[in-house]
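Before any comments, here is the structure.
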2 protein chains.
Amino acid sequence: MTLLALDAGGTSTRAVAVTGAGEVLGYGRGPAGNPTAAGIVPAADAIGGAAGAALAVAGSADVAVVAMAGEQTETFREEVTARLAAYGVRRVVLDHDLLALFCSGTPSPDGYALIAGTGTVAARVVDGELDRVVGGRGWLLGDAGGGFWIGREVARAVVAALDGQTGPTALTPLVLDALGVGTGSADPDGAAGRASAIRQVVSAVYARRPVALAELAPLAFAVPDDPTARAIVVAASRALADLVDAVRVPELEGPVVVGGSVVVRGILAAPASLARDLVPPAGGAPVVAVPDGLVGAAVLALRHTGATVDAATFVRLRDQVLAAAPAPV
Amino acid sequence: MTLLALDAGGTSTRAVAVTGAGEVLGYGRGPAGNPTAAGIVPAADAIGGAAGAALAVAGSADVAVVAMAGEQTETFREEVTARLAAYGVRRVVLDHDLLALFCSGTPSPDGYALIAGTGTVAARVVDGELDRVVGGRGWLLGDAGGGFWIGREVARAVVAALDGQTGPTALTPLVLDALGVGTGSADPDGAAGRASAIRQVVSAVYARRPVALAELAPLAFAVPDDPTARAIVVAASRALADLVDAVRVPELEGPVVVGGSVVVRGILAAPASLARDLVPPAGGAPVVAVPDGLVGAAVLALRHTGATVDAATFVRLRDQVLAAAPAPV
């Protein structure tokens, strides 16, 4: 029996083919496979393409699990089913990306998951199922501590500093550079230069999609000794810890599996001088960082065949998938 | 000598004609006269129309002062000058709406101004001129405590309550009604009904322009005994007090003139039970609420002719303008 596992994200789609015993047979990759991000047909096409690459050796598969964020519509399932029928797939299961992320980090049936990329969402997992999900309402209604939120705070802080409301911050030159803002012949530290810079920052921000502010988030982690940047990152870490707290119940122990650029490449990768001020995302519980939900999608595919994925199988599967898959962009 | 004073806002334009001694000769009204909100030509047309109505008796004017928010471009000045030339106006002065607002509330040359409508901005006024302005960066980069900010907090609070992250709030039925969200046949208090309501709220919010969230702001003031609404309004009052603090200097005393629906119809109109928790917008300084900047535009017009507007002239002019102008919408 061959199983196909896919992590259909808003930026890229990753696929692996595995045997019923959890041995990796192939890997594939495609563009965005999330129907909300890419549209239903392009997303299904991306999934079909990644599946084809993963099945280059095996040729066909029996069951496919697609891990995805957002609503799992019947229309999307039909489109994906039609694409994967070409590879013999008879059953397509859509699963939540949060559950796949959790299963990428642990063979435990119980615990917690946190994703902090552009947006934020957390879940409690009980008996291998999502028991409670909070967050995930997008940049206008939620996502505190995520990339959009951090980027917006960075932009606000730079405007306030240029305006003299707060002291100077090392974020200013980074943001001006990122937004392509110059002060021309005006002295960038003089009143005219600063007023010109503010006007250009404001214009640049409102000219882009609001969510593009997330592109400024890495700047907050780039100057860890700057007090302004530090305050933003500390506040973000607190918001993410609050999000995990919102799903945590005392009677359920288990690891906290985390994913997304803000938490994996930002908070968990912070230098010691910054890390000591950050609120850990999970109190005292063990934290496992994962690059995406691909390993977990394979775990879920195995479970859908009735197999039990014990710790040894999990570790072998995880190591094989991570070896096959290049690091996600 | 006849003077024309206009307050060219993003929703409507008001005009008065006054004599050089400050006696009101006529009143006019038109649609949005702010070039950023309405476009340069429609805004100039609105100003021309309101001016014509205000000059119905006087026939012509010598000087016009236009109070407006945002950038005062030469192109806009030329368009307005062309419209007002039909009424004999030879000189058009564009002035900042914040200064006009301040001069609507006091004959003092020194003090502070705060506008909290959809957005927020504050200024220090010294010797009859704007000395320092903070805020006014729009919903994405500023405006804490303004109508957008309050409306966003209201929407977030309702989603959190429906989601069980927080306790119930009296805001929920108000927001569902305002957004036209029903739960159909599902029990609105059951899990399915609440999940359906959340989906519809999220869809409705993202389907509108972000700034339309400001329409939910009055709901926060509608249920003053609800702890959730109260917390939002208290936080807004604190943000507005912080904004005034950002322009305040100990050596400059003077009244704080406030305008905009959030502060005038919300914070200053709060019932005593709510008011005792609010942060006053100006510490212990006297606060003067004004409906708009029309009186101040007339004061500025008189000053531009070289006249001194003493306290008695100010009071007479103010009372005449307020008697001539219907309450702003």
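Could you run through the stretch A:165-178 and say how many residues are assigned to a loop (DSSP other than H, G, I, E, B) and more than 12 Å from chain B (Cβ to nearest Cβ)? Qualifying residue count, the stretch A:165-178: 4. Looking across A:Arg238, A:Arg208, one residue alone is without any contact (Cβ under 8 Å) to a residue 24 or more places away in the chain, within 25 Å of A:Gly135 (Cα to Cα) and of a type outside the set (S, T, N, Q). It is A:Arg208. Could you check, for the stretch B:296-305, whether at least one of its residues is in a loop (DSSP other than H, G, I, E, B), open to solvent by less than 30 Å² (accessible area, probe 1.4 Å) and not assigned by TED's automatic domain parsing to the domain that holds B:Gly180? No, the conditions are met nowhere in the stretch B:296-305. Considering (1) farther than 30 Å from A:Tyr206 by Cβ; (2) modelled with pLDDT of 95 or more; (3) open to solvent by 30 Å² or more (accessible area, probe 1.4 Å), the lone condition that B:Gln165 does not fulfil carries the number (2). From the list A:Asp277, A:Asp242, the lone residue that is closer than 25 Å to A:Glu153 by Cα, modelled with pLDDT of 90 or more and assigned by TED's automatic domain parsing to the domain that holds A:Ala157 is A:Asp242. Closer than 30 Å to A:Thr2 by Cβ, open to solvent by 40 Å² or more (accessible area, probe 1.4 Å) and in contact with a Gly (Cβ under 8 Å, 6 or more places away or on another chain): is that true of A:Val257 in this structure? Taking the combined requirement at face value, the residue does not satisfy it.
Yes/no per residue for (1) in a loop (DSSP other than H, G, I, E, B); (2) buried (at least 19 other Cβ atoms within 10 Å of the Cβ); (3) within 14 Å of another protein chain (Cβ to nearest Cβ):
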residue	(1), (2), (3)
A:Ala197	no, yes, yes
A:Val201	no, yes, yes
A:Val211	no, no, yes
A:Ala217	no, yes, no
A:Pro224	yes, no, no
A:Ala229	no, yes, no
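When the residues of the stretch B:136-151 are filtered to those that are open to solvent by 20 Å² or more (accessible area, probe 1.4 Å) and farther than 28 Å from A:Val121 by Cβ, the one that is nearest to the other protein chains (Cβ to nearest Cβ) is B:Arg137.
What single numbered condition from (1) assigned to a loop (DSSP other than H, G, I, E, B); (2) of a type outside the set (Phe, Trp, Tyr); (3) out of contact with any helix residue (DSSP H, G or I) (no Cβ under 8 Å at 6 or more places or on another chain); (4) within 23 Å of B:Asp131 (Cα to Cα) fails to hold for B:Pro326? (4) is the only condition that B:Pro326 fails.
Only a single criterion out of (1) farther than 19 Å from A:Gly138 by Cα; (2) in contact with a strand residue (DSSP E or B) (Cβ under 6 Å, 6 or more places away or on another chain); (3) not in a helix (DSSP H, G or I) is not satisfied by A:Pro280, namely (2). Being within 32 Å of the chain's Cα centre (by Cα) and in the same structural domain as B:Asp245 (by TED's automatic domain parsing) is a condition met by no residue of the stretch B:184-196. Beta carbons closer than 6 Å, at least 6 apart along the sequence or on distinct chains, pair a first residue in the stretch B:1-25 that is part of a strand (DSSP E or B) with a second that is aromatic (Phe, Trp, Tyr) for B:Val16/B:Tyr27. Within the stretch B:239-291, the residues that satisfy the criterion of being under 20 Å from B:Phe314 (Cβ atoms) and not aliphatic (A, V, I, L, M) are B:Glu253, B:Gly254, B:Pro255, B:Gly259, B:Pro286, B:Pro291.
Scanning the stretch A:221-235 for residues that are within 13 Å of A:Asp277 (Cβ to Cβ), in contact (Cβ under 8 Å) with a residue 60 or more places away in the chain and either acidic (Asp, Glu) or in contact with a helix residue (DSSP H, G or I) (Cβ under 6 Å, 6 or more places away or on another chain) (or both) turns up A:Ala229, A:Ile232, A:Val233. Annotation note: of A:Val158, A:Val125, A:Val133, A:Val154, the sole residue that is more than 12 Å from every other protein chain (Cβ to nearest Cβ), in contact with a helix residue (DSSP H, G or I) (Cβ under 9 Å, 6 or more places away or on another chain) and either surrounded by 22 or more Cβ atoms within 10 Å (Cβ to Cβ) or at pLDDT below 95 (or both) is A:Val125. Scoring B:Asp245 on the criteria (1) surrounded by fewer than 19 Cβ atoms within 10 Å (Cβ to Cβ); (2) acidic (Asp, Glu); (3) more than 13 Å from every other protein chain (Cβ to nearest Cβ) leaves a single failure, condition (3). All conditions but one from (1) at pLDDT 95 or above; (2) in a loop (DSSP other than H, G, I, E, B); (3) of a type in the set (Asp, Glu) apply to B:Asp187; the one that does not is (1).
Every condition in (1) in contact with a helix residue (DSSP H, G or I) (Cβ under 8 Å, 6 or more places away or on another chain); (2) surrounded by fewer than 20 Cβ atoms within 10 Å (Cβ to Cβ) holds for B:Val263 except the one numbered (2). Scanning the stretch A:183-195 for residues that are farther than 20 Å from B:Val134 by Cβ, open to solvent by 40 Å² or more (accessible area, probe 1.4 Å) and either within 14 Å of chain B (Cβ to nearest Cβ) or not polar (S, T, N, Q) (or both) turns up A:Gly184, A:Asp187, A:Pro188.
The values are calculated or read from the model by the stated rules, or taken from the named source; none is laboratory data. Here the structure is a predicted model, which means the values were calculated and not measured. FYI the Cβ positions are ideal-geometry reconstructions off the backbone, even for glycines, and counts take in every protein chain you see. Protein only, heavy atoms only, side chains kept; ligands, DNA and RNA dropped before computing areas. Shrake-Rupley method; radii C 1.70, N 1.55, O 1.52, S 1.80 Å.
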